[in-house]
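A.B. asks: Take this structure first; my questions come after.
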Amino acid sequence: MMKDTAEKMKLVTHFIAGYPSLEASFDTAKGLIDGGAYALEMQMPFSDPSADGPVIESACRKALEAGFRVGEGFKLIERIKAYADVPLYVMSYSALVFNMVVQGFADRALAAGAAGLIIPDLTPGTDEGLYEAGRRAGIDVVPVVVPGVSDERLSEIMAEKPDWVYLALRSGITGSYTELDAENLGFLDRLKKYDAKIMAGFGICTPEQIETLKPHCDAAIAGSFIVNRLSEASTEKGGSGIMHAAKDAVEYLLGE
Amino acid sequence: MDKYNNFFGDFGGRYVPEVLRAPLIELENAYKDAVEDPDFLAELAEFQHTFIGRPTPLLHAVNASTELGGADIYIKLEGLANTGAHKINNAAGQALLAKRMGKKRIIAETGAGQHGVATASACAKLGLECVIYMGTEDIRRQRPNVYWMELFGAEVRGVESGSRTLKDAVNEAFRDWTASYRDTHYLLGSALGPSPFPDMVREFQSVIGNEVSEQFAASEAEQIDAMVACVGGGSNAIGFFSPYIEAGAPRLIGVEAGGRGEGRGNNAVRMDDTGRPGIVQGYKSCFLLDEDGQVLPTHSISAGLDYPGIGPQLAELGRSGRLEFQSATDDEALEALKFFARTEGIIFAMESAHAGAAAIGLAKELGKGRNIVVNMSGRGDKDIFISAAALDGANWKDFLQEEAGRIR
């Protein structure tokens, strides 16, 4: 059944390629799409994800222990895009991008059907040519900003003219609950003067948070919350439970 | 050499999430300001003299040199610094800097535990709150150091992620810092990580090389022909080599952990053809990576050398040829430990024993009339559970069992 998503907040849902297995991560993506996700953020597991909290760190480690390869990640994108035409953003760390040569990574991601790249440790000015590579390939590079970034720095970042900007709602790592307060909501409003659309995340785990965010940005991002739901499902129900768990998680967050 | 370089050739830089950009700029500015401020430098010199016990001796290893029948070996006894290793030089410098910056809390990673002990000690002395991240595998290998850190009032947090060693402790410290930087200084222990750490750690460790210069000039020997240091991340090496880098001489030799021998996961040798350029933990350098760019596991008998990356300046000096790299295996390090204990009455830390092993070979190669200075970056007391088990396993096991029975 088609969902009426017109008035709903757009939800960007994070998942990890190869977790808990390659096939199960495909099921996860399908579940997220069926649940009504606006877009997917697919994390390519890296051995040392230092911006991530324990939930995502542990899931990435399990994916790598199960033998995940970057090439399989790109093929997974192709399968997901064949299933449904939702925007898919590839999130990873500089190590994997630099390893393929930055332009090579951008080109491969675009060829697979990705809409954009989120590489938190390649920031404007020290990006190893990522933003230029993205423009050349025709793929959006999404900068990650945090509340407290100075106006001067914000202008530098926005000079890259990204379609989307990712706001981490607090400093620290992914996973723990984020209080939405005057500081981070105020910062979201400061971002509005730029052309870029805003997706906001870090510690989003309730429909109430998403409702609160709605007037302040274009999309909310949920990550560790979904990974947690999946890890519960994969131990309880086995493979087939994953797709339902993913779908249920999205529907819960969208208030259905 | 400039006190702040950021990049060393292609290597170095600052590849961090946006959230850490401002704290690192704040640190860079505080560092640049402090190292030009005579008051700060005087405070540091006083601390080095009265607390660390500097200058540390430069020992002419006459017995060892005579027995080897080759070049004369001199040993810089950094192990005599308070807390037992060179790590205190950097810990003291950064702790004083943190205090100057108004930070109340210090976090640090540790591998062998020497940097953790040094940091905890400096924090106790300077009245700073201290949290040390340490991989649970390293806690197992270096338990005695955990007790010392706790005795100094530090909280030791075991790290269960990844390989549960030094690199994972670094990740965990960065995770803490991204949420705590407002009142917390991350006291990184090696000459690596995002800038300004590689420059700052080198400057605080350069006291080793500067003392060697003065001490050697005052000796009867003519000139240094070669300098040898072990290289994990490389903080003892870069500090020891520092005054000589821009001159063409002497030969500078870095010794990596050869572990059990060749093959993935058996060693921590990065500077032969197995290491590749990469960006990991905030800096660009040479790393042990697989085809996808994932960080590979490493092995060394010494926790302090058991790390997949190398400081960016050392990587660049290796690339340019100014620095030569060798490796010593676990067994060669143990042999060197025994040799210098027997001939000179000193106990090398397992890390430093890798440099000792290379110096033994080099003394024979260079021959009489030449001079080698080797940096004993730490002393080996902390390794007793490893060295005794490796060198005298049966008796050591009996002793431990008896001792365990005695504890109520």
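Derivation of every value follows stated rules applied to the coordinates shown; laboratory data play no part. What you are looking at is a predicted structure, and each value in this text was computed from that prediction instead of being measured. Note that we place each Cβ from the backbone using ideal geometry, even for glycine, and neighbour counts take in every protein chain shown.
A.B. asks: Filter region A:92-129 for residues that are farther than 20 Å from A:Ile16 by Cβ, more than 11 Å from chain B (Cβ to nearest Cβ) and buried (at least 23 other Cβ atoms within 10 Å of the Cβ) and give the result.
C.D. replies: A:Ala106
A.B. asks: Another question, then. Taking into account only those residues within region A:45-66 that are more than 9 Å from chain B (Cβ to nearest Cβ) and touching a residue at least 24 places away in the same chain (Cβ under 8 Å), which is nearest to the chain's Cα centre (by Cα)?
C.D. replies: First, the residues of region A:45-66 that are more than 9 Å from chain B (Cβ to nearest Cβ): A:55-56, A:59-60, A:62-63, A:65-66.
Imposing the further condition that a residue be touching a residue at least 24 places away in the same chain (Cβ under 8 Å) reduces the set to A:55-56, A:59-60, A:62-63, A:66.
Working: A:Val55: 15, A:Ile56: 12, A:Ala59: 15, A:Cys60: 14, A:Lys62: 19, A:Ala63: 17, A:Ala66: 22 Å.
Applying the filter and picking the extreme gives A:Ile56.
A.B. asks: Something else: Looking at region A:135-148, which of its residues are in contact (Cβ under 8 Å) with a residue 24 or more places away in the chain and within 10 Å of chain B (Cβ to nearest Cβ)?
C.D. replies: Result: A:Val144, A:Val145, A:Val146, A:Pro147, A:Gly148.
A.B. asks: Would you mind listing the helices (runs of 4 or more DSSP H) fully within region B:302-378 where at least 1 residues are hydrophobic (A, V, I, L, M, F, W, C), under 26 Å from B:Gly193 (Cα atoms) and under 18 Å from the mean Cα position of the chain (by Cα)?
C.D. replies: B:312-320, B:350-366
A.B. asks: Starting from region A:187-200, keep only residues that are in contact (Cβ under 8 Å) with a residue 40 or more places away in the chain, then list their pairs with residues that are in a strand (DSSP E or B) and among the aromatic types (Phe, Trp, Tyr) whose Cβ atoms are within a distance under 8 Å, requiring at least 6 positions of separation or different chains.
C.D. replies: These pairs meet every condition: A:Met199/A:Trp164; A:Met199/A:Tyr166.
A.B. asks: Also, quick follow-up: Are any of the residues in region B:65-80 closer than 25 Å to B:Arg175 by Cβ and either aliphatic (A, V, I, L, M) or buried (at least 24 other Cβ atoms within 10 Å of the Cβ) (or both)?
C.D. replies: So far as region B:65-80 goes, no, none of its residues is closer than 25 Å to B:Arg175 by Cβ and either aliphatic (A, V, I, L, M) or buried (at least 24 other Cβ atoms within 10 Å of the Cβ) (or both).
A.B. asks: Check whether at least one residue in region B:33-48 is of a type in the set (Gly, Ala, Ser), surrounded by 12 or more Cβ atoms within 10 Å (Cβ to Cβ) and without any contact (Cβ under 8 Å) to a residue 60 or more places away in the chain, and report yes or no.
C.D. replies: There is at least one residue in region B:33-48 that is of a type in the set (Gly, Ala, Ser), surrounded by 12 or more Cβ atoms within 10 Å (Cβ to Cβ) and without any contact (Cβ under 8 Å) to a residue 60 or more places away in the chain.
A.B. asks: Kindly indicate whether any position in region A:197-210 is polar (S, T, N, Q) and more than 11 Å from every other protein chain (Cβ to nearest Cβ).
C.D. replies: yes
A.B. asks: If you take the residues of region B:240-273 that are surrounded by fewer than 16 Cβ atoms within 10 Å (Cβ to Cβ) and free of Cβ contacts under 8 Å to residues at least 40 places away in the same chain, which of them is nearest to the chain's Cα centre (by Cα)?
C.D. replies: Checked region B:240-273; the qualifying residue nearest to the chain's Cα centre (by Cα) is B:Gly265.
A.B. asks: Has region B:210-229 got at least one residue that is of a type in the set (Gly, Ala, Ser), touching a residue at least 12 places away in the same chain (Cβ under 8 Å), in a helix (DSSP H, G or I) and closer than 25 Å to B:Glu324 by Cβ?
C.D. replies: yes
A.B. asks: Among the residues of region B:28-79, what is the count of those that are acidic (Asp, Glu), farther than 26 Å from B:Glu220 by Cβ and either touching a strand residue (DSSP E or B) at 6+ places or on another chain (Cβ under 7 Å) or outside any loop (DSSP other than H, G, I, E, B) (or both)? Let's see the steps before the verdict.
C.D. replies: We begin by selecting, within region B:28-79, every residue acidic (Asp, Glu); these are B:28, B:33, B:36-37, B:39, B:43, B:46, B:67, B:72, B:78.
Then drop every residue that is not farther than 26 Å from B:Glu220 by Cβ, which leaves B:28, B:33, B:36-37, B:39, B:43, B:46.
The next check asks that each one be either touching a strand residue (DSSP E or B) at 6+ places or on another chain (Cβ under 7 Å) or outside any loop (DSSP other than H, G, I, E, B) (or both); those that pass are B:28, B:33, B:39, B:43, B:46.
Counting residues in region B:28-79 that are acidic (Asp, Glu), farther than 26 Å from B:Glu220 by Cβ and either touching a strand residue (DSSP E or B) at 6+ places or on another chain (Cβ under 7 Å) or outside any loop (DSSP other than H, G, I, E, B) (or both) gives 5.
A.B. asks: Sticking with this one: For the list (1) touching a helix residue (DSSP H, G or I) at 6+ places or on another chain (Cβ under 9 Å); (2) surrounded by fewer than 19 Cβ atoms within 10 Å (Cβ to Cβ); (3) more than 9 Å from chain B (Cβ to nearest Cβ); (4) not acidic (Asp, Glu), I need the number of the one condition that A:Ser155 fails.
C.D. replies: (1)
A.B. asks: Continuing with the same structure: Of the conditions (1) assigned to a strand (DSSP E or B); (2) more than 14 Å from chain B (Cβ to nearest Cβ), A:Leu167 clears all except one; give me its number.
C.D. replies: (2)
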